[in-house]
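Structure first, commentary second.
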Amino acid sequence: MSDVIVLLIAYLLLAWATGMALTFVTRMPWDLEGRLAMGMPLGFGAAALLTWLVAIPFGMSGWAVLAGAVLLVAILSACWRWAAWRGPLATEVPAARLRWRSREALPLGLLLALASVFFIPFYTHALKRLPDGLHAGYFTMLGDWAAHLGFAGYLSTARHVLPPQNPFFSGTSLNYPFLPDFFSGMLLHFGIGLEVALPLSSLLLSLALVVVFYSTALRLTGNRWAALIGALILFVGSGLGFTRLLDDIVPADPGPGGWIGGLISLVGSPPHEYTMAPDLSYQWLNPVLAYLLPQRATLFGWPLGLLGLSLLWHGWSQGARHEMLLAGLVVGLLPPFHANTYVALVVFAGGLALLSLPYWRDWLRFFVPAAILGGPLLLMLLPPANLRHSFLAVQLGWMASTSGHHDNILWFWLINTGLLIPLALATFLPGQWVPARLRRFLAPAWLLFIIPNILVLAPWDWDNTKFLVWWAIPASILAGLAVVRLARFGPVLAAVAALVVLVQVASGSLDLDRAWQEGINVPELRLLDNDGLALAAWAQANTPPDTVFLTGSAFNHPIRVMSGRVSVMSGLVTLWTTDIDYRARQQDVLAMYRGDAGAAQLLRHYGVEYVVIGPGDAQEVGADDTYYRARYPTIYRSPTGEYEVFRIT
């Protein structure tokens, strides 16, 4: 085990060092902390991309990971030889030393401390084995990580990766940004399991993302406290759900002391979420809980997107054509990491280009690589035309008129994002709130607020948040600067600024507090029971990669989640939200399970090698175990008999 840990650490350090070395390709100035942090997603992303390219002709294996590592060494050596790193480090390292010996580093130190206090304990129980099975750390992870575990396990041994097969819908290509889970699958070749690979990579990238955002906000605003407050508003903030506290407090005793005791008890163990309550029109779930924890592609997409944003800022504000080209390259490679960030930044850059029409030729340096690289990669992720379902529609105010509500749009956004919109808009008022150049640069981000408030851009309308958040990121940066500017107008307004920050982070703090507590979440969130884990382990040990199973459609079916094998169809919510119309195949699955007249022909058509009948399948898919027992041998039965597997010969 010690050799495994040493090899894993060495590989992660190699990837991180390569990512940091790649930051020297740009001539854009950095602070050392930002450069170090960006090395993590940039290096991990480079490792995933290079290994994927190696695996295209040969299939995914430990040899592909080794070849990818050799390419990382080659890139690191090239940067060592040709990149201009000595001069920048000679400036950045002494400056960082001076910062950390003074109060100048206090904002980043506070932010890192808060992030560490939350993320490190959380990811230690993000996936946890209890006596009754495998449990998830938070409710938003239950469905998402069931998919990510399945993707990572399958991709770790996939034979065809251009693009990979969809392990949840056999015979079709995977129409999901797969490189983040591909990276986790790569780590399995170092001898660790899925239960370690996903939380470990998520922890490292979460901490890096927080610093990358801070560094980006500092680059744009030039103010460290504004960068800290902007980070708090984005990562901890949300709407006005905390006002529900007054109804939730149960006084310990009569009188003020009992009320305070009830408040302390409630804060210590929040009874429910305060940023997500659809029945009350709260839809803006805290971003950490909505994206960083469950949607692992965010952990690559956001920091790489922030790198693209920084390069655009430097290229646009300084007339640096080299950085415009690099921005186009970074953004162009985004689709297999996070397609939503690619689309959002292309829209943002398009708006900025319209504001800079006299210099349209300079924008070719961005749009040409962004289109040449990103266009084919994005098309690769689209499902076949015959499997897509229509979802584009007009829906004013995003979700203001859903869940039985017909809310005023302004009121809806006020209760969901608090003072974020007024603060961000205040920076566009005349005066010294924000430098005019920064206002002009970030103005196109409002397109990413307006468009999702008019059109449904995803099969699930809530997923418009994946575009809205790229409005919220710049808006949070502007809001942080507005708060700092407000605090400079004397002690009274400084107190108001502090109150504004408290209002913005109150709801999110309560929800992060609840999510952080293992005892509240983990026991209630069983992903797989022991029989399911045993079935997945059997399948992994006794069947080759790309083996096709007929399974139930549950999101947490053990074959789907932990076996690394392929299902004819499973995880219907995942299929629907990734724009796959599964209805025709669903009828075929039912026919196969029922043993209808054409069942044998359908089994051959889908290449089914094993049929799994588990608990609830008789009700869910009409499974007829007598049909299969009469025709096919039982090759496996789980320890308590929950699952029976038939070999289709």
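Computed from the coordinates by the stated procedures, all read-outs in this text should not be read as laboratory data. Note that the coordinates shown come from a computational prediction; the quantities given were computed from them, not determined experimentally. Using ideal geometry, Cβ is built from the backbone for each residue, glycine included, and neighbour counts are taken over all protein chains shown.
Would you compute, for the Cα atoms of region 321-458, the largest minus smallest coordinate along each principal axis and list the three values in descending order, in whole Å?
Projected onto the principal axes, the Cα atoms of region 321-458 cover 53, 45, 24 Å.
Given the Cα-Cα distance of LEU525 and ARG86 and 0.36 nm per residue of separation, how much length would full extension add, in nm? Intermediate results must be reported in sequence, preceding the final value.
Working: separation 439, 0.36 × 439 = 158.04 nm, distance 5.02 nm.
Going from the current span to full extension adds 153.0 nm.
Out of every Cα pair in region 527-647, what percent are spaced more than 25 Å from each other?
On the way: 1098 of 7260 pairs.
Every Cα pair in region 527-647 considered, those over 25 Å come to 15 percent.
Based on the alpha-carbon set only, what is the convex hull volume of the chain divided per residue, in Å³?
Working: hull volume 118.0 nm³, N = 649.
Cα convex hull per residue, to the nearest whole number: 182 Å³.
Over the residues of region 236-395, compute the C-alpha Rg and express it relative to 2.2 N^0.38 Å.
Compared with the compact-globule rule of thumb, region 236-395 sits at 1.51.
Amide H to amide H under 5 Å from ILE635: which residues, 5+ apart in sequence or cross-chain, H placed 1.01 Å off N in plane?
Excluding prolines and chain starts, which carry no amide H, the hits are VAL645, PHE646, ARG647.
Would you kindly calculate the translational diffusion coefficient of region 1-158, applying Stokes-Einstein with the Kirkwood radius from alpha carbon pairs, for 4 °C and a viscosity of 1.567 mPa s, and quote it in µm² s⁻¹ without decimals?
Working: Rh = 18.5 Å.
Reported coefficient: 70 µm²/s.
Of the peptides 259-270, 395-406, 563-574, how do they stack up when ordered by the mean number of other Cβ atoms within 10 Å, highest first?
Packing order, densest peptide first, comes out as 563-574, 395-406, 259-270.
If you stretched the chain out fully between LEU14 and LEU364, how much longer would it get, using 0.36 nm times the residue separation minus the C-alpha to C-alpha distance?
Length difference between fully extended and current span is 122.6 nm.
Based only on Cα atoms, what mean projected area does the convex hull of region 425-552 have, in nm²? Walk me through the numbers on the way to the answer.
Numbers: hull surface 56.5 nm².
Averaged projected area of region 425-552's Cα convex hull equals 14.1 nm².
Could you sort 636-642, 183-189, 575-581 so that the peptide with the highest average Cβ count within 10 Å comes first and the rest follow in order?
Values: 636-642: 14.7, 183-189: 24.9, 575-581: 19.7.
Put in order of decreasing packing, that is 183-189, 575-581, 636-642.
Points 7 angstrom from Cα along the Cβ direction at ILE264 and SER317: gap in nanometres?
4.6 nm
Points 7 angstrom from Cα along the Cβ direction at ARG440 and VAL394: gap in nanometres?
In this crude label model, ARG440 to VAL394 measures out at 3.5 nm.
For a quick check: sort VAL522, VAL4 by the number of other beta carbons within 10 angstrom, fewest at the front.
Values: VAL522 18, VAL4 11.
Result, fewest neighbours first: VAL4, VAL522.
Please report LEU66, LEU220 as a ranked list, fewest other C-beta atoms within 10 angstrom at the top and most at the bottom.
Fewest-to-most ranking of LEU66, LEU220: LEU66, LEU220.
Tell me, how many Å apart are the Cα centres for region 39-73 and for region 403-471?
38 Å
What fraction of the Cα pairs in region 74-219, stated in percent, has a spacing above 21 angstrom?
On the way: 6541 of 10585 pairs.
Taking all Cα-Cα pairs of region 74-219, the fraction more than 21 Å apart is 62 percent.
Would any residue of region 307-347 have its amide N under 18 Å from a label point 7 Å out along Cα→Cβ of LEU354? List them or say none.
343-347
Quick check of the Kirkwood formula: for region 195-322, what is the inverse mean of 1/r over all pairs of different Cα atoms, in Å? If you can, show how the numbers build up before the last one.
Details: mean 1/r = 0.0569 Å⁻¹.
Answer for region 195-322: a Kirkwood hydrodynamic radius of 17.6 Å.
Under a crude label model (7 Å from the Cα following the beta-carbon direction), how far is SER2 from LEU493 in nanometres?
6.2 nm
How do SER202, SER553 rank when sorted from fewest to most other Cβ atoms within 10 Å of their own Cβ?
Numbers: SER202 25, SER553 22.
Going from least to most buried by this count: SER553, SER202.
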